[in-house]
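*Asks:* Have a look at this one before I ask anything.
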Amino acid sequence: MKPNKTATLSLMLARVVYTINWFNMASVFYFVASDFKENIAMLGIISASFLVGVGLFQVPAGIIAAKYGPRKIAIYGIMIASTGALVTGLASNTSQITLLRFIIGLGMACFFGPSVILISKYLGKESEGLGIGLLNSAHALGGIIGLFGWVILAEQLGWRSSLVLSGGLGISTAILLRSTLLKAADEISNEFRIRISHVFSTLFNKSLIILGITLLGFQAGSSMILTFTVFYFVDHLKINPIDAGLIGSLNLIVALASSPFFGKLYDKIGNARKLLFISGIISACSMAAFATDSLYAITVLILISGFFLSAGFVIVYAKAKEINKAQPQYQTLAVSFVNGLSLFGVFWVPVFFSRIVSSLGYEIAWLLGGLVIIILILPVVRLK
């Protein structure tokens, strides 16, 4: 397939809005908690529900995409997630929000793996790492808007209107994808049949399992930073929500540039094991140092962790896709499996972190969080 800029840009735009709907709940939760008389423990439960949804449905989405094509599944995924985000703005209690965040996660699971495969097709060969890097930059931009922009919107319009707006934007991108993604991307041979043996060979591939556990480490770090820093700054360091949203989004601002950088670096040198190990250790140490409770130090550390965390999300996906290169129909499954293993595995992290904060304080929670990342990163040394 020839490079297609329009399709590539539409995928990146969809990824931006997708990510707004990923992170805006963490951004507006301070207002949600005030309305429903909740605390940080409920943020942990809501975040865990979302992560279970997005992690649990990665593999089914990958299998369905192998059968019906990535284009169709990506469009349906965005539509489901966006509709869930819109309805969240109408919720009357936190139990409904928890269920809706699970549904949003389900839809996002259907979009993610297919989007990685599609952008690689539209950019052409020899640019797979760069393509995933650009997709991750779009993810970072959406996160910045979701964390910082949605704090401002929630203050001006109310948290309900802000969520209805983000859901409506997501539905618009689903319509855009339907018109810009070429149907040729879903061409499946009439002779192709999903074979259980091929599915199992992917799900039990040792290298993919190692990549999934490694990505779990990066997901854990990203989850703790992006879910809790805004609330941490407001609740513990007593700064106003807008400043908290701005500082919390710095982790993603730096990822805008670092994601394509790591994508091109991987395309050039291809040493996934070394790049992932070094990036993971630096990220873990940076997050553990949040325990200083110094706003200025944490601001710098957020920038450092954001730079190196982006390496994990780019390199792991590129390597996973490469492992299943001999069976292109199952490349979506390989990427989705690795992502699902990390996301489903990380669902306990928000609950763990919020409970540690409640019982021992933020300082201990940040230190233990850094230790968890290091433990999860270590298996990458066995990656071939």
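The values are calculated or read from the model by the stated rules, or taken from the named source; none is laboratory data. Given the structure is predicted, the values throughout are model-derived calculations rather than measurements. Cβ sites come from the backbone with ideal geometry, for glycine too, and all protein chains shown count toward neighbours.
*Asks:* How about region 157-194: which of its residues are touching a helix residue (DSSP H, G or I) at 6+ places or on another chain (Cβ under 9 Å), modelled with pLDDT under 75 and among the charged types (D, E, K, R)?
*Replies:* Of everything in region 157-194, those that are touching a helix residue (DSSP H, G or I) at 6+ places or on another chain (Cβ under 9 Å), modelled with pLDDT under 75 and among the charged types (D, E, K, R) turn out to be Lys183, Asp186, Arg193.
*Asks:* For region 64-77, how many residues are within 20 Å of the chain's Cα centre (by Cα) and hydrophobic (A, V, I, L, M, F, W, C)?
*Replies:* 4
*Asks:* Give Ala311, Ala284, Ala289 a once-over and let me know the one that is under 17 Å from the mean Cα position of the chain (by Cα), of a type outside the set (Ser, Thr, Tyr) and part of a helix (DSSP H, G or I).
*Replies:* Only one candidate qualifies: Ala311.
*Asks:* Sticking with this structure for a sec: Among the residues of region 362-377, is there at least one that is within 30 Å of Tyr68 (Cα to Cα) and not aromatic (Phe, Trp, Tyr)?
*Replies:* Scanning region 362-377, I find no residue that is within 30 Å of Tyr68 (Cα to Cα) and not aromatic (Phe, Trp, Tyr), so the answer is no.
*Asks:* Quick test for you: out of Leu371, Leu333, pick the one residue that is in contact (Cβ under 8 Å) with a residue 24 or more places away in the chain and in contact with a Ser or Thr (Cβ under 7 Å, 6 or more places away or on another chain).
*Replies:* Leu333
*Asks:* Quick check on Ala48: is it assigned to a helix (DSSP H, G or I), modelled with pLDDT of 95 or more, under 18 Å from the mean Cα position of the chain (by Cα) and under 25 Å from Ser354 (Cβ atoms)? Outline the logic, then answer.
*Replies:* On the way: assigned to a helix (DSSP H, G or I): yes; modelled with pLDDT of 95 or more: no; under 18 Å from the mean Cα position of the chain (by Cα): yes; under 25 Å from Ser354 (Cβ atoms): yes.
No.
*Asks:* Right, Phe277: over 19 Å from Phe353 (Cα atoms) and surrounded by fewer than 24 Cβ atoms within 10 Å (Cβ to Cβ) or not?
*Replies:* yes
*Asks:* Please verify whether Ser82 is modelled with pLDDT of 95 or more and either surrounded by 21 or more Cβ atoms within 10 Å (Cβ to Cβ) or in a helix (DSSP H, G or I) (or both), treating the condition exactly as stated.
*Replies:* yes
*Asks:* Can you report the number of residues in region 107-131 which are modelled with pLDDT under 85, among the hydroxyl-bearing types (Ser, Thr, Tyr) and in contact with a Leu (Cβ under 8 Å, 6 or more places away or on another chain)?
*Replies:* Adding up the residues that qualify gives 1.
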